[in-house]
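Novice: First the structure, then my questions, so here it is.
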Amino acid sequence: MSVQITLIGLNQIGASFGLALANAAEQIHRVGHDKDPDMARMAQKMGAVDKLVFTLPAAVENADVVILSLPADELRFTLEAIAPYLKPGCTVVDTSPIPATSTVWAQKVLPREDRYFVTLTPTVSAKYLLESDRGTASAQADLFKDTMMMITAPAGTDSSALTLAESRAERLGAKPIFSDAVEVSGLLASSHLLPELLSAALVNATAGQPGWSDIRKIAGQMYARMTEPAFFFEEKGKLGQNQIVSHEVLVAVLDHFIRELVEMRDAIARQDGEALHARFEQARQARQSWWSQRLKNQYPEASEQKSPGMPRFGESIGRLLGIRPKRD
């Protein structure tokens, strides 16, 4: 008997999950749902789903696993909408960049008895890092191949739900790593949410200048790349919700970034070429090191950085105390 996996949100992430699971047709039945019917039909045409269902209750009522690939402004509403229709034993998997917040929402909304919630934070394979489109058309079966996937769950989660998330990550070609939702949210604030803020700030700071009518005519490749995230915000309606719900950790990240900007501004103001060169060279070397490691998927232990008191990946699995064995 096959397992039904319902994919809610058929963007690049959701459709790529479906494509990666296509080689397990005998064991997995893939049901797809997206509020945009054109995206849904495109995903089905690409082979990402076996069946489309256009109402949320019908899409999840027989699901063994529900995978959510949604922006923050749609996530809580969707959790509330599907909660009454989830069958006992169903596991809901969230792939959003706000795992700490989505976990809190799930604990408030989902039935506690025999319905489980985990977050699975995907990482895009290095070969696709420079591609900007995040729509259905950009989905790839190997989008997560040879990457890390961070798994988190509330305390007391059934061990079967964690095992399921681990096996899904491995089937997608990724290495599953158990972590803590707050820890992962902190990492995503720097690597995912901050770049969106910087892109929007750059556009607003330049397009709002009196000389924009001329600036726009000569803005080139570097400007286009730096401002790209401002065009591909994940939210469909109210923009910036990922940042708002992550405000506590993101404000700390922003403070650190602002301090770096002030250091550079002061070096420029005092015409201190040596100081500015040092900061540029530090950035160049750090970026080169990261890019090389990312392409090879090799990260020397000595290069790992972490804040005081923050556990390394895997250490925080101990926080998932209270995991009970699967019922017979």
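The values are calculated or read from the model by the stated rules, or taken from the named source; none is laboratory data. Everything numeric in this text was worked out from a predicted model, so none of it was measured. Counting neighbours? That spans all protein chains shown, and the Cβs are built from the backbone with ideal geometry, glycine included. In case anyone asks, the SASA skips ligands and DNA or RNA and just uses the protein heavy atoms, side chains included. Shrake-Rupley method; radii C 1.70, N 1.55, O 1.52, S 1.80 Å.
Novice: Mind listing whichever residues of the range 218-234 are closer than 30 Å to residue 249 by Cα and loosely packed, with under 12 Cβ neighbours inside 10 Å?
Specialist: Those that are closer than 30 Å to residue 249 by Cα and loosely packed, with under 12 Cβ neighbours inside 10 Å: 222, 224, 231.
Novice: Okay, next question. Which of the residues spanning the range 163-182 are of a type outside the set (A, V, I, L, M), in contact with a helix residue (DSSP H, G or I) (Cβ under 9 Å, 6 or more places away or on another chain) and within 18 Å of residue 13 (Cβ to Cβ)?
Specialist: Scanning the range 163-182 gives 168, 171, 173, 175, 176.
Novice: Turning to a different aspect of this structure: Taking residue 167 as the residue in question, decide whether it is assigned to a helix (DSSP H, G or I) and buried (at least 23 other Cβ atoms within 10 Å of the Cβ).
Specialist: Taking the combined requirement at face value, the residue does not satisfy it.
Novice: In addition: What number of residues within the range 126-143 satisfy the criterion of being more than 19 Å from residue 226 (Cα to Cα) and not acidic (Asp, Glu)?
Specialist: Residues that pass the stated criteria total 9.
Novice: Scan the range 298-313 and give yes if some residue there is open to solvent by 60 Å² or more (accessible area, probe 1.4 Å), assigned to a loop (DSSP other than H, G, I, E, B), in contact with a helix residue (DSSP H, G or I) (Cβ under 6 Å, 6 or more places away or on another chain) and modelled with pLDDT under 95, otherwise no.
Specialist: Checked the range 298-313: at least one residue is open to solvent by 60 Å² or more (accessible area, probe 1.4 Å), assigned to a loop (DSSP other than H, G, I, E, B), in contact with a helix residue (DSSP H, G or I) (Cβ under 6 Å, 6 or more places away or on another chain) and modelled with pLDDT under 95.
Novice: Another question, then. Quick one: which residue in 215, 177 is over 20 Å from the mean Cα position of the chain (by Cα) and open to solvent by less than 60 Å² (accessible area, probe 1.4 Å)?
Specialist: So the residue among 215, 177 that is over 20 Å from the mean Cα position of the chain (by Cα) and open to solvent by less than 60 Å² (accessible area, probe 1.4 Å) is 215.
Novice: Please enumerate the residues belonging to the range 13-28 that are surrounded by fewer than 20 Cβ atoms within 10 Å (Cβ to Cβ) and either assigned to a loop (DSSP other than H, G, I, E, B) or modelled with pLDDT of 95 or more (or both).
Specialist: 25, 26, 27
Novice: Given the residues 184, 203, which is the only one that is part of a helix (DSSP H, G or I), under 15 Å from the mean Cα position of the chain (by Cα) and among the β-branched types (Val, Ile, Thr)?
Specialist: None of the others qualify; the one that does is 184.
Novice: Which residues, counting only those in the range 235-257, are open to solvent by 90 Å² or more (accessible area, probe 1.4 Å) and assigned to a helix (DSSP H, G or I)?
Specialist: 244, 247, 248, 256
Novice: Is the range 131-141 home to any residue that is farther than 20 Å from residue 9 by Cβ and either open to solvent by 20 Å² or more (accessible area, probe 1.4 Å) or in contact with an Asp or Glu (Cβ under 7 Å, 6 or more places away or on another chain) (or both)?
Specialist: no
Novice: Checking the conditions here, which among 92, 31 is more than 22 Å from residue 159 (Cα to Cα) and either modelled with pLDDT of 95 or more or of a type outside the set (A, V, I, L, M, F, W, C) (or both)?
Specialist: On inspection, the qualifying residue turns out to be 31.
Novice: State whether the residues of the range 188-198 include one that is assigned to a helix (DSSP H, G or I), more than 24 Å from residue 12 (Cβ to Cβ) and either open to solvent by 60 Å² or more (accessible area, probe 1.4 Å) or touching a helix residue (DSSP H, G or I) at 6+ places or on another chain (Cβ under 7 Å) (or both).
Specialist: No, the range 188-198 contains no residue that is assigned to a helix (DSSP H, G or I), more than 24 Å from residue 12 (Cβ to Cβ) and either open to solvent by 60 Å² or more (accessible area, probe 1.4 Å) or touching a helix residue (DSSP H, G or I) at 6+ places or on another chain (Cβ under 7 Å) (or both).
Novice: Which one of the conditions (1) of a type in the set (A, V, I, L, M); (2) farther than 22 Å from residue 107 by Cα; (3) more than 16 Å from the chain's Cα centre (by Cα) does residue 161 fail to meet, given that it meets all the rest?
Specialist: Residue 161 satisfies all of (1) of a type in the set (A, V, I, L, M); (2) farther than 22 Å from residue 107 by Cα; (3) more than 16 Å from the chain's Cα centre (by Cα) except (2).
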